[in-house]
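What follows is a short report on a single structure.
The values are calculated or read from the model by the stated rules, or taken from the named source; none is laboratory data. This is a predicted model, so every value here is computed, not measured. So basically every Cβ, Gly included, is an ideal-geometry build from the backbone, and we count neighbours across all protein chains shown.
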Amino acid sequence: MAMSQIDSAAVKTAQPLVDSAVSVRNVSKKYGDVQALKDLSLEFPKGELTSLLGPSGCGKTTLLKIIAGLLPHDSGQIEVGGKTVTGPGPDRAFVFQDFALLPWANVLRNAAFGLELRGVAKSEREAIAEKYIREVGLAGFENKFPHQLSGGMRQRVGLARALSVNAQVLLLDEPFSAVDEQTRRKFQEDMLALVANEKKTFIFVTHSIEEAVYVSDQIAILLPRPSRVSEIIRPTSFRGKGVENIRRDSEYLDIVDEIWASLRSYVE
Amino acid sequence: MNNRPLLLKLLSAALVFGAWEIAGRIPISYAFPTFIESMTALLSMMGDGSIFLAYAETLKPLVLGLVISAFFGIGIGLWIGLSARFEWLFGPIFIVMQTAPLAALIPILVMVYGIGLTSKVFVVCVMAMPVIVLNTSGAVRNTPQSIKDMAKSFLASDRDVLVKIIIPAASPIIFSGLRLGVSAGFIGAILAELKITPTGVGDIISYSRSVADYPSMYAAIFSIILLAVIFLNLLEKLENYMFEGNNRGYVSD
Ligand SMILES: Nc1ncnc2c1ncn2[C@@H]1O[C@H](COP(=O)(O)OP(=O)(O)O)[C@@H](O)[C@H]1O
Ligand SMILES: [Mg+2]
């Protein structure tokens, strides 16, 4: 297949070039009898956005939660910024698929909640949260409650909360899957700006091939049974061409097609 | 916006009282007084102060029992909700307590604690506590995993998770347990006065029945219902004050 040329070339050039913000080495995880991850290794380069792409049930959420320190793994090692992960830490912030906002708290308190838990004084944490609320485009909604917001706006609050704690690594679990298509496109454009401005490492779980190719510096394709990293793809040519042109770029279209070719056999 | 529910409440009260008046006039039973007769009896008991003396007596076991039930009920409920082992140990006791017929327990309570205040407080607690415990523990166990995970990922301590996540998330159900517990506690207080020793409002009820003064009997019953309604409304005010977000709806998707 055409695929194998791209991916073997990509795998060879990808890893030694940049230093890693997050290293996953030989990690395995079982839920009872279900082998969710088996001997999985993956490097996440600093300052880049890496997507984890794969059919549902291949262990994307499991891997992300293990990196977050929310879930123990059975064997192997995770390092974030050179330090071994043993639990949640200030160097990582999570954006949840279902937003995980506090329904009884307004936008401002939700966005400042990470800082509240770290014991930052109220005026200080609210100033920081306000800045990020503005950055994600929610200025003016500080006193609204989650149920008064659309799904897209709720996820922006989740994003502001994660940005406010100034963690070096952002872990996003299908952040836009509960959001309508137009909002989702806007989000994807905003993500590109965020990656460029924030100088953080993003680990982004998605099941949308187009989304992964659109936003990623690096795409890791995960396959189930046994769960493994099957390919690592690094798009090269279209990143600098401006957000309007990406979807028409021939490399973009080729990569989307090739990923689909390799995933289609896993779709039931 | 705020006046409509009040208007509806007044309307439904007027309907009930009207029906009561008509039923009393037919009459459906010689032992069933009209609304106006009952209210007159209530006013005369208020005039000579006897009803207030009765409440001073009735409120003692009631308030004491409710405070104990709320405090320990919520405490034990939180504990059962948080610890599977504790639930295994104590959960069944409260389920049995909630389903057991209280009247059957009263002789045992009297045997152990005599006929004084202690027994009456116990009756109120036995009535009020199980539903508070069971609601609290159920609500704690049903706290969405994802907001607990969220708090942990942002470095919450176990105490933070309890105070900032579990309790606020569980508070609507805890309060509905409290409301049910308070209603049950009122029943318990009157039952204790009817079954153990006739004192307070229970005494008015049993005495007026024995001398066929039905208006006074119904006046006493009416007053206890009124008091319970006022009490439940105050509890709702407290809930809205403590957990402002509770009446703002929940994020479902
Ligand atoms: N808490 C759990 N208990 C048991 N099995 C689980 C649990 N969470 C996930 N799994 C299983 O582990 C596998 C990977 O799940 P997950 O990481 O959620 O995949 P993805 O996010 O890629 O859809 C699936 O087969 C799933 O059924
Ligand atoms: Mg998932």
Counting only residues that are within 14 Å of chain A (Cβ to nearest Cβ) and either among the charged types (D, E, K, R) or without any contact (Cβ under 8 Å) to a residue 12 or more places away in the chain (or both), segment B:164-199 contains a total of 1
Per the list (1) touching a residue at least 24 places away in the same chain (Cβ under 8 Å); (2) surrounded by 13 or more Cβ atoms within 10 Å (Cβ to Cβ); (3) among the hydrophobic types (A, V, I, L, M, F, W, C), residue check on B:ALA31 breaks on (2)
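Condition check ((1) within 13 Å of ligand 2 (Cβ to nearest atom); (2) under 20 Å from A:GLN218 (Cα atoms); (3) of a type outside the set (Lys, Arg)) across all residues:
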{"residue": "A:ASN26", "(1), (2), (3)": "no, yes, yes"}
{"residue": "A:LYS30", "(1), (2), (3)": "no, no, no"}
{"residue": "A:ALA36", "(1), (2), (3)": "yes, no, yes"}
{"residue": "A:PHE44", "(1), (2), (3)": "no, yes, yes"}
{"residue": "A:LEU49", "(1), (2), (3)": "no, yes, yes"}
{"residue": "A:PRO55", "(1), (2), (3)": "yes, yes, yes"}
{"residue": "A:THR62", "(1), (2), (3)": "yes, yes, yes"}
query = Would you call A:ALA139 without any contact (Cβ under 8 Å) to a residue 12 or more places away in the chain and farther than 21 Å from A:ASP173 by Cβ?
reply = yes
Within segment B:141-158, residues being modelled with pLDDT of 95 or more and more than 11 Å from every other protein chain (Cβ to nearest Cβ) number 0
Quiz item: Quick check, is A:ASP173 within 16 Å of ligand 2 (Cβ to nearest atom), within 14 Å of chain B (Cβ to nearest Cβ) and of a type outside the set (Ser, Thr, Tyr)?
Solution: yes
Of the residues in segment A:94-119 that are in contact with a Ser or Thr (Cβ under 9 Å, 6 or more places away or on another chain) and more than 9 Å from every other protein chain (Cβ to nearest Cβ), the one that is nearest to A:HIS207 (Cα to Cα) is A:ALA111
Problem - Yes/no for A:ASN143 being surrounded by fewer than 22 Cβ atoms within 10 Å (Cβ to Cβ) and within 14 Å of chain B (Cβ to nearest Cβ) - result: yes
Note: among A:ILE128, A:ILE133, just one is in a helix (DSSP H, G or I) and buried (at least 21 other Cβ atoms within 10 Å of the Cβ), namely A:ILE133
Here the residues within segment A:177-230 that are polar (S, T, N, Q), assigned to a helix (DSSP H, G or I) and within 22 Å of A:ALA93 (Cα to Cα) are A:GLN188, A:ASN197
Evaluate the following for B:ALA70: is it buried (at least 18 other Cβ atoms within 10 Å of the Cβ), touching a residue at least 24 places away in the same chain (Cβ under 8 Å) and under 25 Å from the mean Cα position of the chain (by Cα)?
yes
Going through (1) modelled with pLDDT of 90 or more; (2) away from ligand 1 (no atom under 16 Å from the Cβ); (3) over 20 Å from the mean Cα position of the chain (by Cα) one by one, A:SER28 fails only at (2)
Conditions (1) at pLDDT 95 or above; (2) of a type in the set (Gly, Ala, Ser); (3) within 16 Å of ligand 1 (Cβ to nearest atom) -> A:GLY114 fails only (3)
Taking first residues from segment B:92-104 that are without any contact (Cβ under 8 Å) to a residue 40 or more places away in the chain and second residues anywhere that are surrounded by 13 or more Cβ atoms within 10 Å (Cβ to Cβ), the pairs with Cβ under 8 Å that are 6 or more apart or on different chains are B:ILE95/B:PRO130; B:ILE95/B:LEU134; B:MET97/B:VAL126; B:MET97/B:MET129; B:MET97/B:PRO130; B:GLN98/B:PRO130; B:GLN98/B:VAL131; B:GLN98/B:LEU134
Scanning segment A:152-169 for residues that are more than 10 Å from chain B (Cβ to nearest Cβ) and buried (at least 24 other Cβ atoms within 10 Å of the Cβ), the one nearest to ligand 1 (Cβ to nearest atom) turns out to be A:GLN155
(1) free of Cβ contacts under 8 Å to residues at least 12 places away in the same chain; (2) touching a strand residue (DSSP E or B) at 6+ places or on another chain (Cβ under 7 Å); (3) of a type outside the set (D, E, K, R) all hold for A:VAL205 apart from (1)
